[in-house]
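Participant: Okay, here's the structure, questions in a sec.
The values are calculated or read from the model by the stated rules, or taken from the named source; none is laboratory data. Bear in mind that the values here come from a model prediction, so they are computed numbers and not experimental data. Every residue, glycine among them, receives a Cβ derived from its backbone with ideal geometry; neighbour counts consider all protein chains shown. Ligands, DNA and RNA are stripped out before the accessible areas are found, and what is left, the full protein with its side chains, is counted by its heavy atoms. Shrake-Rupley method; radii C 1.70, N 1.55, O 1.52, S 1.80 Å.
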Amino acid sequence: MLWGSTAGITVVATLFHLYGAGVSPFTALVQRPVHLALMAVLGFLGVGISARPGPASTQSGLRQPDRTGWRMPIRDRVVGTLSALLSTGALLSCAYLVTQHQELVNRAGAATNLDLAAGAVALIVVLELARRATGWGLVVVALLSLGYAMTGPYLPGVLAHRGYGPRRLLEHLYLSTEGIWGIPLGVSADFVFLFILFGAILELAGGGTLLIGLADRVTARSRGGPAKTASLASALMGSLSGSAVANVVTTGAFTIPIMRRAGFKPYFAGAIEAAASTGGQLVPPVMGAGAFILATWTNIPYRTVAVAAVIPAALYYVALLAAIHFRAGKMGLASSGSGRGGPVLPRLHLLLPLVAIVFLLAQGRSPMRAAFWGVVTAVVTSLVRPNTRLGREEIRGVLTRTGSGAVQVAAACAAAGVVVGVASLTGIGLRMSEFVITVSQGQLLPAMLLTAGGSIVLGMGLPTTAAYVVLAALGAPALTELGVPLLAAHLFIFYFGCISNVTPPVSLAAYAAAGIAGSPPIKTAISGMVLASAGFLVPFMFIFAPGLLLQGGVWQVILASASGVIGVISLAAANMGFLRRDLVGWERVLLGVGAFAVMTPGLAGNGVGLGALALVLLRSRGVLSPTGDVEDQ
C-alpha cells in the first residue's frame, strides 16, 4: 500500500515536471510550490529518508513500522500521525500560494493573518523535511540564521543590524521569491528532478555497467588498474548523481571489493571511492546539478561554467590517478586486467542520451529543455536492445531512486532558501565580506584561506547544493570585492563545499565508503582527504592562473595547464612517498613545497615546482645518486 502511494506520487511528479519542461512552462510561484508539495509528501511517507538500522528497515529505503500482531508501537503511531499532519500542511500551504497568488501580489506589504499562518506552516514543513532528509546540520544553520535575523540590534560590531520580527520574516521568506521559493528551489524544481530521473533511467538500463566497462578499457592494463577504473567510473556517475554519498553507496558496492581483491587495503579502497565520488560533482557537463545552480545564481551562461570547469576537474583526477599509480608502485602491484571492459558494445547506445544533453547545452538550450530531451532519449534508447529494456523491477527502481534523490535535493534547497532569504534581508553577506577583508587586511591570499576554511566548515554535513547556496551568499562576495572574477570566486567556494565530503571530522562520503569496505571510518576519512588533496590546491591555482578556467590567450591556458599538471603530480608523489622508488623524507618535503609553489602567480613559482619535480625524478632514476650509479628500478 505504501509503495503504491509513493509510486503514484512519483509518477505524478514526473508527468508534472516533464509537462513543464517540454510542453508548457509554469510560472515560478506555481512550479516551485507544486514541486515542494509533491516532494514533501513523498518525504513524509519515508522516501529519501535514510532507513534506521534494524529489522524495521527494508531494501526500498522506506522504514516500515515494527508491528506485533495488530499493535503498533506508540512511537510509530505518533510519528505516523505527525507525518500525516505535515503532509497536509505542505499541501495546504503550497496550494494556498498557488491559488491565491494574484491576491497576494495585489496586497503586497499588507499580509493578512491567514497569509502569515500559511507561511509559518510552510516554514515548519521545510525545516522538518530537511531534518528528516539531510540531518540536523542544515536545519541548525537555518535556525541560526532565523535567530540572527531577530536578534540583530543586540549583536556586536559588524554583525549588528536593525532586526526583523516574525511577521517581516514570514513575509520575506514565504510571500516572495527571496526565501523558500528562491533560486535554489527553482533549480530543483526546473531541472534537477529531471536530471535525477535521467540518471536513474540510464543507470537501471545498464549505463553504470557501461561506464565502468569503458573506464576499465582505458585503465585496466596499467598499474593499479582496478582502482583507476573505479575512480573514472565514479567520476562519470558522480557527475550525474550529484551526491557523493549516493555515488559511494551505489558504485562503491561494486568497486570497493574489486580494489580489495587487487591488493589494496580496505581503508585505502574506501578512501579511493570516497575521493573519486566527491570529485564527480566537479566534472562537467552536469557537475551534480552544481553547474546549473552556479549559472543561475551568477547569471553566467551554463556553457561558460561547464567549459571553464573542465581543466580543474581534469587536474583533480590526474592527481587521484597519479596517487593510485604511486601507491600501487609502492606496494609492488603489477598491472592487472584484460582491458576488455566487460559488456560494453551491447550497451554502447546508452551513450546517446549523454551526447544529446551535451549537444543541446552546447547549443545554448536551457537546462530544463536539455533535461527533458535527455529523459526522452534515455527512454527511447533503453528500448533499442532487449538487455537494456526496463522491466517491472527496473521501473520500480527508477521511481524509487528518482523520488529519493529528488526529495533530498528539494529539502536541502528549500532549507537553504531560508538561509539565503535571511542573508538578503539582513545583508549578512556584505558583513561577512567586510569581516574577511578586515581580518585579511585586504590581502588576497589570506582572504582566500579564510574563505576556504569557512567553506569547509559550513559545508560539513550539508548536501553539496545546499552548501554551495549558503556559501554563495556568505563567502563569494568577499573574493569578488578583492578583484577575483565572479566565475572564479564561485567555483572556488563550490570546490571547497564539495571537498568537505572527505574532510574530517564529518566527511560523510568517507564514512559511507568505510561502511562498505569494513574499515575504520576515521582512517578511511584521513586517507580520502589525502587522496583528494588536489581539491584543496586547484582552486587556488585557477584564481592565480585564470588560464585554467580558459580565460586568456592560448599560451596562458597551455602554461597554466602544464603548471597544474606538475603541481598535482608533485603533490600526489609527496603524499604517497613514491616516484619510481620510495622517497626519503626531504624528497617528499621538496615535492610538497614545489606543488604549493606552482599555485602562486608568476614564472618563479612554476620554476620552483618544475625544478623540485625534476630533481627528485632524476634522483629516482639514479642520474643524481650520490654514488653516480644508475639504480635498478
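Participant: For Ile74, indicate whether it is among the hydrophobic types (A, V, I, L, M, F, W, C) and either modelled with pLDDT under 80 or open to solvent by 50 Å² or more (accessible area, probe 1.4 Å) (or both). Reasoning before the result, please.
Facilitator: Numbers: among the hydrophobic types (A, V, I, L, M, F, W, C): yes; either modelled with pLDDT under 80 or open to solvent by 50 Å² or more (accessible area, probe 1.4 Å) (or both): yes.
Yes; evaluated as a whole, the condition is true for this residue.
Participant: Moving on. Which fully enclosed helices (runs of 4 or more DSSP H) of region 260-370 have 2 or more residues being at pLDDT below 85, under 27 Å from Val23 (Cβ atoms) and touching a Lys or Arg at 6+ places or on another chain (Cβ under 8 Å)?
Facilitator: Details: elements: 266-279, 290-298, 302-308, 310-331, 351-362.
Result: 351-362.
Participant: Restricting to region 4-36, name every residue that is within 24 Å of the chain's Cα centre (by Cα) and free of Cβ contacts under 8 Å to residues at least 24 places away in the same chain.
Facilitator: none
Participant: What tally of residues in region 207-237 results from selecting those that are under 17 Å from Ala314 (Cβ atoms), more than 22 Å from the chain's Cα centre (by Cα) and crowded, with 24+ Cβ neighbours inside 10 Å?
Facilitator: Residues that pass the stated criteria total 1.
Participant: Continuing with this model, one more query. Residue check: is Ala189 within 25 Å of Ala13 (Cβ to Cβ), aliphatic (A, V, I, L, M), in contact (Cβ under 8 Å) with a residue 24 or more places away in the chain and in contact with an Asp or Glu (Cβ under 8 Å, 6 or more places away or on another chain)? Step through it out loud before you land on a result.
Facilitator: On the way: within 25 Å of Ala13 (Cβ to Cβ): yes; aliphatic (A, V, I, L, M): yes; in contact (Cβ under 8 Å) with a residue 24 or more places away in the chain: yes; in contact with an Asp or Glu (Cβ under 8 Å, 6 or more places away or on another chain): no.
For Ala189, the condition - within 25 Å of Ala13 (Cβ to Cβ), aliphatic (A, V, I, L, M), in contact (Cβ under 8 Å) with a residue 24 or more places away in the chain and in contact with an Asp or Glu (Cβ under 8 Å, 6 or more places away or on another chain) - is not met.
Participant: Please go through region 517-526 and give me each residue that is open to solvent by 20 Å² or more (accessible area, probe 1.4 Å) and of a type outside the set (Lys, Arg), ordered by number.
Facilitator: First pass over region 517-526, keeping only residues open to solvent by 20 Å² or more (accessible area, probe 1.4 Å): 518, 520-523, 526.
Listed by number, the residues that qualify are Gly518, Pro520, Pro521, Ile522, Ile526.
Participant: Taking region 575-588, which residues are touching a residue at least 12 places away in the same chain (Cβ under 8 Å) and under 15 Å from Leu618 (Cα atoms)? Let's see the steps before the verdict.
Facilitator: So in region 575-588, the residues touching a residue at least 12 places away in the same chain (Cβ under 8 Å) come out as 575-583, 587-588.
Those that are touching a residue at least 12 places away in the same chain (Cβ under 8 Å) and under 15 Å from Leu618 (Cα atoms): Phe578, Leu579, Arg580, Arg581, Asp582, Leu583, Glu587, Arg588.
Participant: Also, I was wondering about something else. Condition first: closer than 22 Å to Glu178 by Cα and buried (at least 22 other Cβ atoms within 10 Å of the Cβ). Can you find one or more residues in region 445-453 that meet it? Walk me through how you get there before you give the answer.
Facilitator: If we filter region 445-453 for residues that are closer than 22 Å to Glu178 by Cα, which is where we start, we get none.
No: region 445-453 contains no residue that is closer than 22 Å to Glu178 by Cα and buried (at least 22 other Cβ atoms within 10 Å of the Cβ).
Participant: I'm checking my understanding of the structure. Among residues of region 464-475 that are touching a residue at least 40 places away in the same chain (Cβ under 8 Å) and either surrounded by fewer than 24 Cβ atoms within 10 Å (Cβ to Cβ) or of a type in the set (Gly, Ala, Ser) (or both), which one is farthest from Thr278 (Cα to Cα)?
Facilitator: Keep residues of region 464-475 that are touching a residue at least 40 places away in the same chain (Cβ under 8 Å), which gives 464-466, 468-470, 472-475.
If we keep only those that are either surrounded by fewer than 24 Cβ atoms within 10 Å (Cβ to Cβ) or of a type in the set (Gly, Ala, Ser) (or both) too, we end up with 466, 472-473, 475.
Details: Ala466: 15, Ala472: 19, Ala473: 22, Gly475: 21 Å.
Ranking the candidates gives Ala473 first.
Participant: For Gln100, only one of the following conditions fails: (1) at pLDDT below 90; (2) open to solvent by less than 50 Å² (accessible area, probe 1.4 Å). What is its number?
Facilitator: In the conditions (1) at pLDDT below 90; (2) open to solvent by less than 50 Å² (accessible area, probe 1.4 Å), Gln100 misses (2) alone.
Participant: Val47: open to solvent by less than 20 Å² (accessible area, probe 1.4 Å) and either at pLDDT 50 or above or in contact with a Leu (Cβ under 7 Å, 6 or more places away or on another chain) (or both), yes or no? Talk me through it step by step, then tell me what you get.
Facilitator: Working: open to solvent by less than 20 Å² (accessible area, probe 1.4 Å): yes; either at pLDDT 50 or above or in contact with a Leu (Cβ under 7 Å, 6 or more places away or on another chain) (or both): yes.
For Val47, the condition - open to solvent by less than 20 Å² (accessible area, probe 1.4 Å) and either at pLDDT 50 or above or in contact with a Leu (Cβ under 7 Å, 6 or more places away or on another chain) (or both) - is met.
Participant: Looking only at region 605-615, count how many residues are aliphatic (A, V, I, L, M), open to solvent by 20 Å² or more (accessible area, probe 1.4 Å) and farther than 17 Å from Ile558 by Cα. Steps first, please.
Facilitator: Our first condition is that a residue be aliphatic (A, V, I, L, M); within region 605-615, this holds for 608, 610, 612-615.
Filter once more, so that each one left must be open to solvent by 20 Å² or more (accessible area, probe 1.4 Å): 608, 610, 613-615.
Then keep just the ones that are farther than 17 Å from Ile558 by Cα; that gives 608, 613-615.
Adding up the residues that qualify gives 4.
Participant: Then there is this: Pick from region 425-437 the residues that are of a type outside the set (A, V, I, L, M) and modelled with pLDDT under 85: which of them is surrounded by the most Cβ atoms within 10 Å (Cβ to Cβ)?
Facilitator: Within region 425-437, the subset of a type outside the set (A, V, I, L, M) is 426-427, 429, 431, 433-435.
Going one step further and asking which of them are modelled with pLDDT under 85, we end up with 427, 429, 431, 433-435.
Values: Gly427: 13, Gly429: 18, Arg431: 19, Ser433: 23, Glu434: 15, Phe435: 17.
Filtering first and then ranking leaves Ser433.
Participant: Take Ala37 and decide whether it is open to solvent by less than 20 Å² (accessible area, probe 1.4 Å), assigned to a helix (DSSP H, G or I), under 25 Å from Val79 (Cβ atoms) and in contact with a Gly (Cβ under 9 Å, 6 or more places away or on another chain). Quick ask: steps written out before the conclusion?
Facilitator: Details: open to solvent by less than 20 Å² (accessible area, probe 1.4 Å): yes; assigned to a helix (DSSP H, G or I): yes; under 25 Å from Val79 (Cβ atoms): yes; in contact with a Gly (Cβ under 9 Å, 6 or more places away or on another chain): no.
So Ala37 does not fit the description; no.
Participant: Taking into account only those residues within region 348-383 that are among the aromatic types (Phe, Trp, Tyr) and touching a residue at least 40 places away in the same chain (Cβ under 8 Å), which is most open to solvent (accessible area, probe 1.4 Å)? Don't jump to the end; show me each part of the working.
Facilitator: Filtering region 348-383 for residues among the aromatic types (Phe, Trp, Tyr) gives 359, 372-373.
Subsequent filtering for residues that are touching a residue at least 40 places away in the same chain (Cβ under 8 Å) retains 372-373.
Values: Phe372: 30, Trp373: 112 Å².
Result: Trp373.
Participant: Quick check on region 84-96. Is at least one of its residues at pLDDT below 85 and surrounded by fewer than 16 Cβ atoms within 10 Å (Cβ to Cβ)?
Facilitator: Initially, region 84-96 is screened for residues at pLDDT below 85, giving none.
No, every residue in region 84-96 fails to be at pLDDT below 85 and surrounded by fewer than 16 Cβ atoms within 10 Å (Cβ to Cβ).
Participant: Would it be correct to say that Ile493 is under 21 Å from Gln408 (Cα atoms), in a helix (DSSP H, G or I), modelled with pLDDT of 85 or more and under 21 Å from the mean Cα position of the chain (by Cα)? Before the answer, list the steps.
Facilitator: Numbers: under 21 Å from Gln408 (Cα atoms): no; in a helix (DSSP H, G or I): yes; modelled with pLDDT of 85 or more: yes; under 21 Å from the mean Cα position of the chain (by Cα): yes.
It is false that Ile493 is under 21 Å from Gln408 (Cα atoms), in a helix (DSSP H, G or I), modelled with pLDDT of 85 or more and under 21 Å from the mean Cα position of the chain (by Cα).
Participant: Another question, then. What are the pairs with Cβ atoms under 8 angstrom where one residue, in region 307-319, is over 20 Å from Met529 (Cβ atoms) and the other, located anywhere, is among the hydrophobic types (A, V, I, L, M, F, W, C) and surrounded by fewer than 22 Cβ atoms within 10 Å (Cβ to Cβ)? Sequence gap at least six, or different chains.
Facilitator: Short answer, once both residue conditions are applied: Val307/Leu550; Ala308/Leu487; Ala308/Leu550; Val310/Leu550; Ile311/Leu550; Ile311/Val557.
Participant: Let me ask something else about it. Looking at this structure, is Gly89 within 12 Å of Leu170 (Cα to Cα) and in a helix (DSSP H, G or I)?
Facilitator: Details: within 12 Å of Leu170 (Cα to Cα): no; in a helix (DSSP H, G or I): yes.
It is false that Gly89 is within 12 Å of Leu170 (Cα to Cα) and in a helix (DSSP H, G or I).
Participant: Let me ask something else. Which pairs have Cβ atoms under 7 Å, sit 6 or more apart or on different chains, and link a residue in region 547-574 that is open to solvent by 40 Å² or more (accessible area, probe 1.4 Å) to one that is basic (Lys, Arg)?
Facilitator: Here the result reads none, with nothing in region 547-574 linked to a residue that is basic (Lys, Arg).
Participant: Criterion first (of a type in the set (Ser, Thr, Tyr) and surrounded by 24 or more Cβ atoms within 10 Å (Cβ to Cβ)) does Tyr495 satisfy it?
Facilitator: Details: of a type in the set (Ser, Thr, Tyr): yes; surrounded by 24 or more Cβ atoms within 10 Å (Cβ to Cβ): yes.
Here the answer is yes, as Tyr495 does meet what is asked.
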